[in-house]
Amino acid sequence: MNSEAHKTCPAVCNSEKQEGFARRFFNYEPTSWRTDTFITHTAPIQKPKEWIEARIRELKEEVRTILGSTIDSVEMVNLIDTIEHLGIGYHFKRDIYDALSHLHDAKLVNCDLHHVATRFRLLRQHGFNASSDVFLNFKDHQGNFDENISKDPKGLLSLYNAGYLATPGEEILVDAISFARGHLSLMLDDLRSPLKKQVLRALKVPLHKMLVNVEARFYIEEYDEENRNERLLELAKLDFNTCQTLHLEEMKTLSLWWKNLNIGENLKYGRDCLLEVYIIWSCGQYFGADQYSRARKMMAKLYSLIAPIDDTFDVYGTYEECKLLNEAIQRWDEKAVDLPMYLRNLCQQFIKTVNSFDDELEPSEKYRLPHIIKSAQTLIDGYMQEVEWRVSGYVPSFHEREKPAIDGHVGSLVVGFPLLGTPGDQVITKEVFQWLYTFPDVTMDCMRIIRYTDDVVTQEREIKSEQGPNTIQCYQIEHKLTNEETTAKFQSFCEDAWKRVNQACLHPADVPRTVLEIFVNQCRQMETFYVYFDDALNKPSNMKKISSLLLLEPFAL
């Protein structure tokens, strides 16, 4: 540790500093929704529900037939790519896997850049260890990518997106990203939509890092502009609208719950972000299928109550109030009579809500709740550690700061919370939970991606709210770097972590791929809503467009 960069932390904060820890305010943007927005909202009825359900079943069978009868490898790759872009790939998991198994075993005969890159990306995304050597065919004698492909924007976009499936040490894919990004940026003015829209989106967040439902919303509109398969387009629109209707029903239920809690009225200083956490975390994690309805609602309740607790520790609570709140949660004391009234209701509702999940769990799933309670306690204890540092004026080293930030904050969000309400079938088992709480490498890397992405995007806001140094600021102080140098360093940390996650997904020996996909989706949530939509959780004004696209605007049929 650099002794000049860090102050000694006293074992007990003296009373003078505790008294100096004054109540503070930070003007968060008001939420983009009114409490009754989704309680009173009525979705437009375009077709009878029974007709839509029957038509979806019919179209799914037709698409399944097309998948089973397509022999040409180029047509198959394009078909699978389109299905997944349109957000309907989850209906055809087995069919797609079988088709990709055949493609993986078959010899690559087509050397078109778009085909080779798209085939590679699809195989990697589905867990097949496709060799990156296929891109050697596009290099010249000096080992550089051939300038002959620099005039092929569609191929370059596919190469660029394929590069983000890299694993550690695959320098050819690092070169591919750099080469493709450079040429795509130069030709942007000459491109026409929908390709131009897709390039712009990918340059901000590459396809592998974008949430499926958000990409689908954009791509369905863009696919409408191309030569298209009408069956695929109709199925995509019907499916998206059906999911949207389901999500609106869930938001209505959640809004009634939130209104009855009356949390927002008593906590004017905190974020009222039920809509934000539902869209970002619940729908981002589990888009669509009604089998995940319970999981989506549990996550939304949990995260919407954690936000004002976080704000209490970060900006509003006094030292003594934070200490009492942490102690009450460590005791898991639903009464918490020693808390000031404004915190008593928050603490009681948080504990009561978590305890109520036990009634929704099946007997075979009840083992999950103690894990979730422990995760919640670890999360809040991490908040208190930050308060202790702030009160004492102590600037922790990067590794000191990273532990509660990753093990505590993000660990709770990544490891336990998303799996609480997931259906207890053969995938999410007791053994999976036990494995998760050993904090294997893949979960640690996902935690790093989430933590570092959050800190890069929100550091300016956190400095203004005087929350104390985050991981980036601690690293910058310790290593005496500029803001730009530190940001670049953390972006490289994220890229390295993504490569290790990609590698783990190619060898999912310990747990089913479905579990690993949950972690990958959480990383995608950060890239989509914190990077592409510019810190949407903490800027509700950015949520207006998102909520309209994902919840309030169905596709015309």
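The values are calculated or read from the model by the stated rules, or taken from the named source; none is laboratory data. Please read all numbers here as calculations on a predicted model, not as lab measurements. Positions of Cβ are backbone-derived with ideal geometry, glycine not excepted, and every protein chain shown enters the neighbour counts. We work out accessible area using only protein heavy atoms, side chains counted, and drop any ligands, DNA or RNA first. Shrake-Rupley method; radii C 1.70, N 1.55, O 1.52, S 1.80 Å.
Structure values in brief
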| quantity | calculated |
| --- | --- |
| Computed [θ] at 222 nm, deg cm²/dmol, the chain (DSSP H ≥ 4; -39,500 (n - 2.57); rounded to nearest 500) | -19000 deg cm²/dmol |
| Distance (nanometres) between label positions extended 7 Å along Cα→Cβ at residue 374 and residue 403 | 1.8 |
| Compactness of the range 119-207 - radius of gyration and Dmax, Cα, Å | 12.8, 36 |
| Between 0 and 90°, nearest 10: helix 195-204 axis offset from the chain longest Cα axis | 30 |
| Normalised contact order of the chain, rounded percent, pairs of Cα under 8 Å and 6 or more residues apart | 22 |
| Within the chain, longest stretch free of exposed GluC sites (Glu not before Pro) [DSSP loop, at most 15 other beta carbons within 10 Å] | 5-224 |
| Difference of contour (0.36 nm per residue) and Cα-Cα distance, residue 480 to residue 342 | 45.5 nm |
| Accessible surface, the chain, averaged per residue in Å² (probe 1.4 Å) | 43 |
| Cut-off under 5 Å, modelled amide H: who pairs with residue 139 long-range | 146 |
| Nearest-ten-degree value, helix 93-105 long axis tilted from longest Cα axis of the chain | 60 |
| Semi-axis lengths (Å, descending) of the ellipsoid that matches the C-alpha gyration tensor of the range 250-393 | 26, 17, 14 |
| FRET efficiency, residue 488 to residue 331 (Cβ-Cβ, R0 41 Å, nearest 0.05) | 0.40 |
| Net length gained if the chain between residue 435 and residue 57 were fully extended (0.36 nm per residue, minus Cα distance) | 132.3 nm |
| Modelled label reach - residue 101, point 7 Å along Cα→Cβ, the range 512-535 residues with backbone N closer than 20 Å | 512-517 |
| Mean Cα-pair separation over length for the range 63-213, i.e. relative contact order, pairs under 8 Å, 6 or more apart, % | 20 |
| Cross-link partners of residue 268 among aspartates and glutamates (Cα-Cα below 16 Å; sequence separation of 8 or more within a chain) | 29, 310, 311, 314 |
| Potential lengthening between residue 197 and residue 249 on full extension [0.36 nm per residue; Cα-Cα distance subtracted] | 15.6 nm |
| Estimated translational D of the chain in µm²/s (Stokes, Kirkwood radius over Cα pairs; 10 °C; 1.306 mPa s) | 63 |
| Phi to ³J(HN,Hα) by Karplus 6.51 cos²θ - 1.76 cosθ + 1.60 over the range 538-554, Hz, x for Gly, Pro | 9, 10, x, 4, 6, 7, 4, 5, 5, 5, 5, 5, 8, 10, 10, 10, x |
| Contact order relative to length of the range 263-315, as percent, for alpha carbon pairs under 8 angstrom and 6 or more apart | 47 |
| Carbon/sulfur fraction of accessible area - the chain, other protein chains in place, 1.4 Å, % | 50 |
| Pairwise FRET efficiency - residue 189 versus residue 47, Cβ, R0 = 51 Å, nearest 0.05 | 0.75 |
| Residue-wise HN-Hα coupling along the range 293-305, computed from phi with Karplus coefficients 6.51, -1.76, 1.60 (Hz; x: Gly, Pro) | 4, 4, 4, 4, 5, 4, 4, 5, 4, 5, 6, 5, 8 |
| Inter-centroid distance (Cα atoms) of the range 480-557 relative to the range 304-321, Å | 25 |
